Amino acid sequence: MVKRAFSHVRHWVFDLDNTLYHPSARLFDQIEVKMTSYVMEELGVDAAEADRLRSSYWRDHGTTLAGLMREHDMDPLPYLEAVHDISLDHLEEDRELAARIKDLPGKRIVYTNGSAPYAERVLAARGLSGLFDGIYGVEDAGFRPKPEREAFDIIFGKAGIEASSAAMFEDDPRNLAAPHAMGMRTVHVAPDPHEDDHVHYSTDDLSGFLAKVL
């Protein structure tokens, strides 16, 4: 059933964080600490207020960065560099996942709300370098974040992704709504399944799921 559902797919779009590595790596814990510190310093608020703003901007604008840019006219580039300056030493290479991705027919890209240089570092640590036809960060969408439809339109236009023959793998179910509306197959990658009309499949094992697709 899964193989048949993906038989038409020739364009494969992967989110990065908590998708191409397991959430147990907890990279975002490090990023959140960096984000809170950056907001505290730039806006002159305490940690509690910085966390409140960070959470509300993520909820209302798609990402903390989008909220900071729209509400405070913050320069995005120093922010992206600062919050992604984290340790990847505990990430492990995943040869099985690499083999599954390599075997996928057609075009493969990574599209993250983080930065492309950060994505490249994570892919290298996971042993996934050289497997993708493109690596796209939020900067490549003009700093418009997923889940905004325009962000997907920009990235897919640059990457040459045809939605009617594409699939999206993503840990945040919000970010699958636009791909679903565009006609893509959608896969929620997370320990807990998410029930929604715009989520076609859920899995906590990306390698295992890709094995069913091939």
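The values are calculated or read from the model by the stated rules, or taken from the named source; none is laboratory data. Since the structure is predicted, the reported quantities are computational estimates derived from the model, not experimental observations. No Cβ is skipped: glycine too gets one built from the backbone with ideal geometry, and neighbour counts run over all protein chains shown. For the accessible areas, the whole protein counts, side chains as well, though only heavy atoms, and no ligand, DNA or RNA atoms are used. Shrake-Rupley method; radii C 1.70, N 1.55, O 1.52, S 1.80 Å.
Give the residue that is nearest to P23 (Cα to Cα), with candidates limited to residues of the stretch 160-198 that are acidic (D, E) and surrounded by fewer than 17 Cβ atoms within 10 Å (Cβ to Cβ).
The selected residue is D192.
Read through the list (1) open to solvent by less than 50 Å² (accessible area, probe 1.4 Å); (2) small (G, A, S); (3) more than 27 Å from P117 (Cα to Cα); (4) in contact (Cβ under 8 Å) with a residue 12 or more places away in the chain, then give the number of the only condition that G208 fails.
Unmet for G208, out of (1) open to solvent by less than 50 Å² (accessible area, probe 1.4 Å); (2) small (G, A, S); (3) more than 27 Å from P117 (Cα to Cα); (4) in contact (Cβ under 8 Å) with a residue 12 or more places away in the chain: (4).
Can we say S202 is within 25 Å of V83 (Cβ to Cβ) and either open to solvent by 30 Å² or more (accessible area, probe 1.4 Å) or touching a Lys or Arg at 6+ places or on another chain (Cβ under 9 Å) (or both)?
No; evaluated as a whole, the condition is false for this residue.
Could you tell me which of the residues R121, R149, R126 is under 21 Å from P78 (Cβ atoms) and surrounded by fewer than 22 Cβ atoms within 10 Å (Cβ to Cβ)?
Answer to the check: R121.
For the stretch 25-42, check the following and say yes or no: at least one residue is open to solvent by 10 Å² or more (accessible area, probe 1.4 Å), within 26 Å of A167 (Cβ to Cβ) and at pLDDT 95 or above.
Looking through the stretch 25-42, at least one residue is open to solvent by 10 Å² or more (accessible area, probe 1.4 Å), within 26 Å of A167 (Cβ to Cβ) and at pLDDT 95 or above.
Is there a residue being assigned to a helix (DSSP H, G or I) and among the basic types (K, R) anywhere in the stretch 20-27?
Scanning the stretch 20-27 turns up no residue that is assigned to a helix (DSSP H, G or I) and among the basic types (K, R).
Can you spot a residue in the stretch 56-78 that is at pLDDT below 95, assigned to a helix (DSSP H, G or I), over 24 Å from H90 (Cβ atoms) and of a type in the set (K, R)?
yes
Consider the stretch 79-96. How many of its residues are of a type outside the set (A, V, I, L, M, F, W, C) and in a helix (DSSP H, G or I)?
4
Between residues in the stretch 80-104 that are without any contact (Cβ under 8 Å) to a residue 24 or more places away in the chain and residues that are open to solvent by 40 Å² or more (accessible area, probe 1.4 Å) and outside any loop (DSSP other than H, G, I, E, B), which pairs lie under 8 Å by C-beta distance while being six or more apart or on different chains?
none
Could you please tell me which pairs satisfy a Cβ distance under 6 Å, a separation of 6+ or placement on different chains, a first residue in the stretch 179-193 that is touching a residue at least 60 places away in the same chain (Cβ under 8 Å) and closer than 17 Å to S207 by Cβ, and a second residue that is open to solvent by 70 Å² or more (accessible area, probe 1.4 Å) and assigned to a loop (DSSP other than H, G, I, E, B)?
P191/D204
Could you list, in sequence order, the residues of the stretch 88-115 that are open to solvent by 10 Å² or more (accessible area, probe 1.4 Å) and either in contact with a strand residue (DSSP E or B) (Cβ under 8 Å, 6 or more places away or on another chain) or charged (D, E, K, R) (or both)?
Passing the criteria: D89, E92, E93, D94, R95, E96, R100, K102, D103, G106, K107, R108.
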